[in-house]
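Please treat every number below as a calculation from the coordinates, not as lab data. The structure displayed is predicted, hence computed values, not measured ones. FYI the Cβ positions are ideal-geometry reconstructions off the backbone, even for glycines, and counts take in every protein chain you see.
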Amino acid sequence: MEAPAVLADSSAVVLKPLPELNGVSLHDVMVTSSPSSVKNHLPKAAEETEESEAEMFKSKGLWTSKRDGEVRLRMDESGMGCEPPIMVNELLLEAVRKYGNLYALATKKKGKWTKLTYKEYYAQCRKAAKSFLKLGLERFHGVCILGFNSVEWFLADIGAILAGGFAVGIYTTNSPEACKYVAENCGANIIVVENDKQLQKILEVRKKLPLVKAIIQYGEPIKEKVPNLYDWSEFMALGNDIPDEQLDKIIAIQKPNQCCTLIYTSGTTGQPKGVMLSQDNITWTARAGGQCVGLTCGLVRQELLVSYLPLSHVAAQMIDIWLPITFGMQTFFAQPDALKGSLVETLKEVRPTAFMGVPRVWEKMQEKMKAVGAKSSSLKKKIATWAKAVGLETNLNLMNGSTDLPVNYRLARALVFRKVRKALGLDHCTKCFTGAAPITKETLEYFLSLDIPVYELYGMSESSGPHTLSHPGSFKLTSCGKEMPGCRTMIYKPDADGNGEICFSGRHVFMGYLNMDDKTKEAIDNDGWLHSGDLGKHDPDGFLFITGRIKELIITAGGENVPPVPIEDAVKEAVPILSNIMLVGDKAKYLSMLLTLKCNMNMETGDPEDDLTPDAIEFCRKLGSKASKVSQIIATKDPAVYGAIQKGITAVNERAVSNAQKIQKWVILEKDFSINSGELGPTMKLKRPVVAKMYKKQIDQLYSAETPDAK
């Protein structure tokens, strides 16, 4: 039986803000059967003001840095960009109307999944919002959330927005001082923490945060009671005596062009900036992005996903919170140790239909699969090698427009590809994505050879997440795709090769940086273009390719601009034993490189260990080296390994566009980079200034001699 057309439509219904509910109960609104019947409950004045509100949105400025500021909505005259603005509460109400009895969230505890329907989800969000009001959350003040992905994280985030505050994620890796900076900057009234470890960070700086009225802990029992500290059940009960009407009045005064969420940059180049996202930024981007990649409406077929990436990051919020609400998806929460090894087990159990992995996640999967393959029999290795060659050739042809599926490809799919997908938990997954950091061509080709196309996304916190997207109908290897409908891209000051700064325009462009006029003016020019700081170019078909980052450019003593990422990627591809690489040489006479080797990570702490990974050991054995530890290679300057690294670097140097872009010296560091030790950000992005400071001694040694050992 087909779903009625109005229900099968994946776009959200447009509702005007509710100035008051006129005595209508929450239940009445939630079970309303059609958009028109909801609108019938609106006062006449609300409908009459629709035209004047549209004019008001046009008259505002394009940016603000004030917490209670309003901006002009970047409405187009046609297409996706002209869709009327939707409030977060309206998006939730529409999700309840469409998907009310479908499961929204799933959490596994003690081996059993506990689930919430969309009706229950919304009711819990309202409950959290009323409890925030009871605790004294003020309009345009923050609710900071510090913990791993969970139902409580989602409820705190949405509850804060409904109650008129800001939802503010804090990275769990932040120090107490870094937590204090964010809480102070956003004017936090309330801080939500997952466990005692995170609580202690806040208690350490609590006296320096006079605006904080309460702390809520959700992940484990409170060890020691302190004033104004509540466990989750206590917190959720606080708002029981707050009438629905009080919350509804606060929801009614909210506007789509006002801030509701703050995303703090990870601070790789200075103090974190509070990226102000409006309600329209969030709801419009979710609709546009989801439609662009072909997400299916939950009433037709419910999409499943696993939430595990840090929710303080805009990509995780958009993918895990807002896309599911818009399209009726079901979100399963991974275990807290997901990035330490348990993720694949959750994927195998959930079998998601869509999956987002930062490059390091895909690389880790690749390393483990290679390690398993190395232990296979010679016959299985031959079959795998044949299948991957067939898979890569066929998928490259498909990418270039072919529709032919040769017999050998279909055989390889039956013998190898389906088994690989099942082993990864991706056998139902039709949309595999990557983003947030550069990914190597080698990794993309590896998964493509296994019949797993990994589609690149590109954007930033300041663009509410995605700007360009790749998907099955629009895909080129190493390209991050084309801009979403309703968005525009400008290459600013392109050079002879078409490379220039990538600039964005559209409804997804942020409001500004909280309390930072100067930084906002640097980011948004007088014509309203958001300057990304990234370098890129378009190919003749309109696909965008990222070629570097302006602030990461190395300017040599001779004045040559060198983008480090392409060189780093080329070396990593040429020398498979290398894990992380950083090119150095700013204001120097020549380029040098910091290298780390692939090693095992401690599953408990996330710290790198001395033992090499199985595929790194296999690499050594093929060279004739018996090394199994990083320390062994460094201590003996293992001739086989050092020789292989130099051979790879020499090959990259031979392809360099100039002598200034050749790597003259390099050093292997004693341990790999990690989030815990500070070299990598929460999404595994390299923190170059931090690395340069941490390894200053090693860098200085590379430049201690007057002349380099030219290779």
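Structure notes:
- With the highest mean first, a sort of the peptides 502-514, 275-287 on other beta-carbon atoms found within 10 angstrom per residue produces 275-287, 502-514.
- Taking only Cα atoms of the chain, radius of gyration then Dmax in Å: 26.0, 82
- Take every Cα pair under 8 Å whose residues are at least 6 apart in sequence, average their separation, divide by the length of the chain, and the relative contact order is 11 percent.
- Within segment 644-665, backbone nitrogen closer than 17 Å to the virtual label 7 Å beyond the Cα of SER704 toward Cβ: 665
- Normalising the average separation of contacting C-alpha pairs (under 8 angstrom, six or more residues apart) by the number of residues puts the relative contact order of segment 521-562 at 24 percent.
- Sites LEU203 and ASN659 - FRET efficiency at Förster radius 51 Å, r taken between beta-carbons, to 0.05: 0.35
- Taking a straight Cα-Cα cut-off under 16 Å and skipping sequence neighbours fewer than 8 places away in the same chain, the aspartates and glutamates within cross-link reach of LYS225 are GLU194, ASP196, GLU204, GLU234.
- Peptide ranges 346-359, 419-432, 237-250 listed from the most packed, as the mean C-beta count within 10 angstrom indicates: 346-359, 419-432, 237-250
- Lysine pair number, Cα distance threshold 26 Å (strictly under), segment 562-636, separation 8 or more or different chains: 9
- Within the chain, helix-based [θ] at 222 nm, where runs of 4 or more DSSP H residues each add -39,500 (n - 2.57), nearest 500: -10500 deg cm²/dmol
- Annotation: the antiparallel percentage among DSSP beta bridges lying fully within segment 554-702 is about 70.
- For segment 554-702, the Cβ-based charge dipole about the Cα centre amounts to some 480 debye (Lys, Arg positive; Asp, Glu negative; other atoms uncharged).
- Per-residue extension of 0.36 nm, minus the Cα-Cα distance of LYS115 and ILE550, leaves a gain of 152.1 nm for this segment.
- Panel order for CYS125, CYS480, by other beta carbons found within 10 Å of each beta carbon, from fewest to most: CYS125, CYS480.
- 18 Å Cα-Cα reach of LYS115 towards aspartates and glutamates, excluding residues that sit fewer than 8 places from it in its own chain: GLU152, GLU303, ASP320, GLU349
- Sites GLU245 and GLN291 - FRET efficiency at Förster radius 41 Å, r taken between beta-carbons, to 0.05: 0.70
- The magnitude of the dipole of the chain, with charges of +1 and -1 set on the Cβ of Lys/Arg and Asp/Glu and taken from the Cα centre, is near 2120 debye.
- Relative contact order (%) - segment 557-711, alpha-carbon pairs under 8 angstrom, separation at least six: 24
- Cβ-based exposure ranking for TRP232, TRP386, in which fewest neighbours within 10 Å come first: TRP386, TRP232
- Cross-link reach list, lysines versus LYS249, counting only Cα pairs under 17 Å and skipping chain neighbours closer than eight places: LYS16, LYS39, LYS44, LYS127, LYS130, LYS134
- Cβ-Cβ FRET estimate between LYS380 and LYS225, R0 fixed at 45 Å, reported to 0.05: 0.15
- Looking at the chain, the DSSP beta bridges with both ends there are about 60 percent antiparallel.
- Extension gain for the segment LYS587 to ASN602, taken as residue separation times 0.36 nm less the Cα-Cα distance, is 1.7 nm to one decimal.
- Here the gap between ALA437 and SER628, fully extended at 0.36 nm per residue and compared with their Cα-Cα distance, gives a gain of 65.8 nm.
- For segment 471-530 versus segment 124-170, the inter-centroid distance based on Cα atoms is 30 Å.
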